[in-house]
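The numbers here are math on the coordinates, done by the rules we state, and not lab data. All of these numbers come straight from a predicted model, not from anything done at the bench. Positions of Cβ are generated from backbone atoms using ideal geometry, with glycine treated the same way; all protein chains shown enter the neighbour counts.
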Amino acid sequence: MHPFHQGLARYFSPNELAVLSSVTIGIAGVGGLGSNACMLLARSGICHFVLVDCDRVDASNLNRQHFFPEDIGKEKVKAMASYLTKLNPAIEVEALPILINEDTIDTLLPKAPIWLEALDGAQNKALFVNAALIHKAKVVSASGLGGYGGGLFSKKTLGNLVLVGDFERDIATHPPFAPRVVWASAMMCDSVLELLLGCR
């Protein structure tokens, strides 16, 4: 058994591990929220990912995204796929370096029953969340995670939609910094675990 799986067996029951290792999680946007979420979910036993992002790693991403200087210029989905499989060789990744828009979204959504929405821009976020709900997918999204300091994050559950954040401090007006971005990403991943396993 790979050491990674030996470690997970200390914390999850066999039934929980079976659920975590069999489900596919979609990540829409592999930036601040999405790249950190990939690693958190992988460390929680998720073994199947669909990563969708058309961007390449830029130096301005390194303050909050799970990339390193040697990744600059690489496609984000491919760089992240290499980190996931390095952590756990059993992980399978479908890495799609494509733009999410009205023409591609209906093809993407059936690839996973649960999606983590980690896109930039209110329009893109709304497009994805609305389409996901129409497809009856579960979707976890974040709103209000810019800046530093400020109020605590909270969680809202609205049917198949889970929202986390402070719902006020948008990155358009408050630049993104690692602590609040990673905090929101962690809350999103915790919500995914709750959707899959319930609450401990």
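In this structure the amide hydrogen of residue 48, modeled in the peptide plane, comes within under 5 Å of the amide hydrogens of 25, 92, none closer than 5 places in sequence on its chain. Coupling constants for segment 126-140 follow from the phi torsions by the Karplus curve (6.51 cos²θ - 1.76 cosθ + 1.60, θ = phi - 60°), and in residue order they are 5, 4, 5, 4, 4, 5, 4, 5, 4, 7, 6, 7, 7, 9, 10 Hz; glycine and proline get x. With the highest mean first, a sort of the peptides 96-105, 122-131, 159-168 on other beta-carbon atoms found within 10 angstrom per residue produces 159-168, 122-131, 96-105.
Arranged from highest to lowest average of other beta-carbon atoms within 10 Å per residue, in what order do the peptides 145-157, 16-28 appear? Could you put the intermediate results ahead of the total?
On the way: 145-157: 14.5, 16-28: 18.9.
Ranking, from highest mean packing down: 16-28, 145-157.
Using the Kirkwood radius over Cα pairs, work out the Stokes-Einstein diffusion coefficient for segment 57-195 at 37 °C and 0.692 mPa s, in µm²/s as a whole number.
On the way: Rh = 16.2 Å.
Estimated diffusion coefficient is 203 µm²/s.
Taking every C-alpha pair closer than 8 Å and separated by at least 6 residues, the mean separation divided by the residue count of segment 1-75 gives a relative contact order of 30 percent. Hey, quick one: spin label on residue 90, modelled 7 Å out along Cα-Cβ, who in segment 22-54 has an amide N within reach, i.e. under 19 Å? Hits in segment 22-54 for residue 90 at 19 Å: 22-26, 38-50. Of all DSSP-defined beta bridges confined to segment 43-200, some 30% are antiparallel rather than parallel.
To the nearest 0.05, what FRET efficiency results for residue 9 and residue 102 with a Förster distance of 41 Å applied to their C-beta separation? So, using R0 = 41 Å, E works out to roughly 0.40. Phi angles across segment 8-21 convert, under the Karplus curve 6.51 cos²θ - 1.76 cosθ + 1.60 with θ = phi - 60°, into 3J(HN,Hα) values of 4, 5, 6, 10, 10, 6, x, 5, 5, 4, 5, 5, 5, 7 Hz, Gly and Pro given as x.
Summary of the geometry: segment 1-76 and segment 123-200, compared by the centres of their Cα atoms, lie 17 Å apart. Ordered by the count of other Cβ atoms within 10 Å of each Cβ, fewest first, 141, 60 give 60, 141.
Taken one residue at a time, the phi angles of segment 59-66 give Karplus couplings (6.51, -1.76, 1.60, θ = phi - 60°) of 4, 5, 7, 6, 6, 8, 9, 7 Hz. Gly and Pro are set to x.
Let me have the relative contact order for the chain, percent, based on Cα pairs under 8 Å that are six or more residues apart.
22 percent
Of 141, 11, 44, whose Cα points farthest to the positive end of the dipole of segment 3-142 (charges on the beta-carbon: +1 Lys, Arg; -1 Asp, Glu; origin at the Cα centre)? The residue sitting farthest along the positive end of the dipole is 11. A straight Cα-to-Cα reach below 19 Å connects residue 74 with the lysines 86, residues fewer than 8 places away in its own chain not being considered. Annotation: lysines with alpha-carbon distance below 23 angstrom to residue 125 (same-chain offsets under eight excluded): 76, 78, 111, 136, 138, 155, 156. Exposure proxy for 33, 51: other Cβ atoms within 10 Å of each Cβ, ordered fewest to most, give 51, 33. Sorting 39, 187, 80 by the number of Cβ atoms found within 10 Å of their own Cβ, with the fewest placed first, yields 39, 187, 80. Taking each residue as 0.36 nm, the span from residue 24 to residue 134 lengthens on full extension beyond its C-alpha to C-alpha distance by 37.7 nm. Using a cut-off of under 17 Å, list every residue of segment 72-90 whose amide N is near the label point 7 Å from the Cα of residue 148 along the Cα-to-beta-carbon line. Counting backbone N atoms under 17 Å from the label point, the list is empty.
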